[in-house]
Every structure is written in C-alpha cells, then in structure tokens.
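Encoded as structure tokens, the structure appears first; notes follow it.
Bear in mind that the values in this text are calculations on the coordinates, not laboratory data. Every value quoted in this text rests on a predicted model; they were computed, and no experiment measured them. In this analysis, Cβ positions are derived from the backbone assuming ideal geometry, glycine residues included, and neighbour counts consider all displayed protein chains.
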Amino acid sequence: MFDIPFLRPNLVKKERFSSNFEKIEETRIYSNYGPLNNLFEERVIAQMFDGIGSAVTVHNATVGLILAISQSKRPQGKYAVMPSFTFAATPLAAEWCGLEPYFLDIEPENWQMNREQLEQAVKQLGDEIAVIVPYATFGTAIDLSIYNKLQEQGIPVVIDAAASFGTITPEEATHFGKDFGGAVVFSFHATKSFGIGEGGLVYSLDQDLIKRIRQAGNFGFSSSRESVTQGLNSKISEYTAAIALATLDHFKAVRENRRTIYEYYLQELLQADLLERGWSLQKVQGSVVHQFIPILSPDAHTNQEVVKLLASNSIEARTYFSPACHQQKQFQSYTRSTLHVTEHITKHIVSLPLWEELDQIIVRRIVNVLGSLEKETTG
Ligand SMILES: *Cc1c(COP(=O)(O)O)cnc(C)c1O
C-alpha cells in the first residue's frame, strides 16, 4: 500500500441519489432508456451543450466507440486512422467493427494526433479510410476545425473524448465537442473526472446519428422489435442513470476541486523550478477537469526510474499511455507512420496522483520527490 495512491475515486454519495432510487421503485422501470436515463440525457444537452445537439448514454466508452464507429464508418473502408498514443479501447473498438487501426504520431506539445501526417494519410489512403478516430488527449480541447472539414468531405470522424466530459473550449467557452457533426464519445468510468462506476455518453450535432446509435445499442431493434441493424446491448440501467443525475448536480464542485489541485501542481512545479530543469507538461487547450497529472521526465531519466523513485517514497504513479498501442502485442502488426514523438513520450510519460482530498502539502511532497531525481542519480 502507498501513503499516496494514484487515484482515490470519490463517487457521489448515496444520500444524493437515494430519492432517485425511490423513483425507480415507484415506476418499476429498471432499464431500456427509462425516465431517469431520458432525464439525464436531456439535462446533459441543456446544461452542458447549451441545448444544442443530441446524446445517448452507453454502458461504457468502449462500447460507445464501437457503436459510433460502426454507425459512422464508410462501408468500403478498411482503416480506422488514430493516434498510437491512446488507450487500447480505441484500436479494440476499431477491430470489433472489422477495421484495421492505422496509427499516426502525436504532436510534441499538445499530444494530439499529428495533423500533417493525417493530411498525408487522407491523400494516400483515400477511400480506404473508413473512419478517423482522434483522441482529445487527457481531456484537452483539441481544435476540431480540421475534423469538421473532413466530415464535410464525407470522411467520418469519431472523437475519443473519454476524459473530456466537462472540458470547456478556449475560444467559445462552450463544452468541448458542441456543434460537432460526427460522434464525440465520453467515458464515465469511476476513474474519470465524471465518474459513475461504469458508463459513458455519445454526443453529436447529428440527431440521426444518435438515433441510429441508440437503436444499435438496443439490439438494433426497430419500433416493432425487429432487429434491423447490427446491434448489441449498450444500455445503462436506471440505477446508473440515478447516479449519473446526482453526479451531474454535484459536478461543479468536483470541477473546481480538480482545477484547484491542478493549480497546486503548477505552483509547486514552478516553485521547485522543475519546468526549467527538463520536466514538461502537456500544453493544455481550454479548461480541463483533470483526471490525473501527466508530465514528461527530463531526457536523461526514464519514466520507470521516476515511478520507482516515487514508489520508494510511498507515492503511486502510472505511465499512461506507455506502452503506446503500436507497442502492444495485439496491435503490433498494424500499419503505422513514423512515431518519433510517441516513442519519445512513452519513455518519459508519468501520470501523477490526483484525487479530491489532495492538498497543497501532499502535492509539494510529490513534486519534491521529482526534484530529488537528479540529485539521486548524479550525487
Ligand atoms: C477511459 C478511456 C476509454 C475507455 O472508457 P471506458 O468507459 O472505460 O470503456 C477509451 N479511451 C480513452 C482514451 C480512455 O481514457
């Protein structure tokens, strides 16, 4: 056990959703896009997306990606173009849709899919592209203009926005993904900032796309319960919806708390001069409800050294997403571009603890351990 664990998920307390549970007992509706689920979807659109677009809940983001890809992909296409620097769920979802992941590099500062390589891939692969699956890395509000253009050209885009629920864009100060014509997939896993246990949501400006995803997520049933499209069961139960509603009510506090902790990290990193001594942070776009703190170790030190050093101080850290997807057995054989930035980052990425009770003193303790790295090895 660590004094300072990596995450300590703190989901909404039962007092806050017990009245919703009572409603379930009254209505005796337990699933199948029931009243609490519908209320949650409506509230998300009204409160988070200014009343614009449509959304459907899913049992997790992985199944959300599968449905979004299968309902968007071009039938003649072969590839799902995506960054290698993402979670395994993304290439797995492509595989379940009968597609081959095609891995691109990321950009050095914001860690989003390399846009120059993407343009080249679009030219080179043409109709072989079934879908493009960018990742809004660690919740950042990636610039969607290039993806809007691709959508307009008829190339479908599904955004893996697993960690971006609650992210506000820098320019328009609206929720990330609002107005996007392709699918935007969010995760509500317990370890994400909007954690409800297991869950997720697919948003799109395209009401028809959301309708098709909803239908595919309910066995592909038509209104006469005839399966008319390739489906599966992706529904959340009314209990999950009850928790999601209570989480939404309480989310403002979570958001502020997590932002404060991110600020503590910034202050302490500056105070210890670490950003001048080879450590670097992601260039974050917009206002993100951080899930954890990703940081790159100095060139002379690997992330494994850092994780070990932290562990010896009873601090737990991780290395998301190292290994990157193309380095994992399941995905090694797929085509990829040169991945210099990805290869570099996988050697240096460290995910530092973030949970809601972290105070500045604990953050200082973590940062001080990072600062002792050079002393340890050179001294
Ligand atoms: C968490 C995550 C997922 C998967 O979400 P689940 O809801 O656990 O299925 C997919 N992609 C990325 C980038 C993630 O971080």
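Within the listed set Gly98, Gly217, Gly139, the Gaussian network model of the chain (springs between alpha-carbon atoms below 10 Å) gives the highest mean-square fluctuation for Gly98.
Where in region 171-185 does the amide nitrogen come within less than 16 Å of the point 7 Å from the Cα of Asp50, taken along Cα to Cβ? The answer is 171-181, whose backbone nitrogens lie closer than 16 Å to the label point. Under a Gaussian network description of the chain, with springs only between Cα atoms under 10 Å, the residue in Glu26, Glu41, Glu109 that fluctuates furthest is Glu26.
Using the Cβ-Cβ distance between Ser314 and Lys252 with R0 = 25 Å, the FRET efficiency computed as 1/(1 + (r/R0)^6) comes to roughly 0.15. In terms of surrounding Cβ atoms within a 10 Å radius of their Cβ, Phe17, Phe87 rank from fewest to most as Phe87, Phe17.
For n ≥ 4 DSSP H runs only, could you compute -39500 (n - 2.57) per run for the chain, divide by its residues and tell me the 222 nm figure to the nearest 500? Value at 222 nm, helices only, nearest 500: -11500 deg cm²/dmol. Between Leu266 and Ser227, the FRET efficiency from the beta-carbon distance, with R0 = 35 Å, is close to 0.10. Taking only the Cα atoms of the chain, the radius of gyration and Dmax are 21.0, 74 Å. Region 100-117 to region 179-208: how many Å between their Cα centroids? Here the answer is 22 Å between Cα centres. Shown here for region 195-233: trypsin sites (Lys or Arg not before Pro) in loop regions (DSSP other than H, G, I, E, B) with at most 14 other Cβ atoms within 10 Å, namely Arg225.
For Lys329 and Leu7, what is the calculated FRET efficiency with R₀ set at 30 Å and r taken between the beta-carbons, to the nearest 0.05? Once the sixth-power term is evaluated, E becomes 0.70.
Roughly how many Å is it from the Cα centre of region 269-299 to that of region 40-67, as a whole number? Between the Cα centres of region 269-299 and region 40-67 lies a distance of 30 Å.
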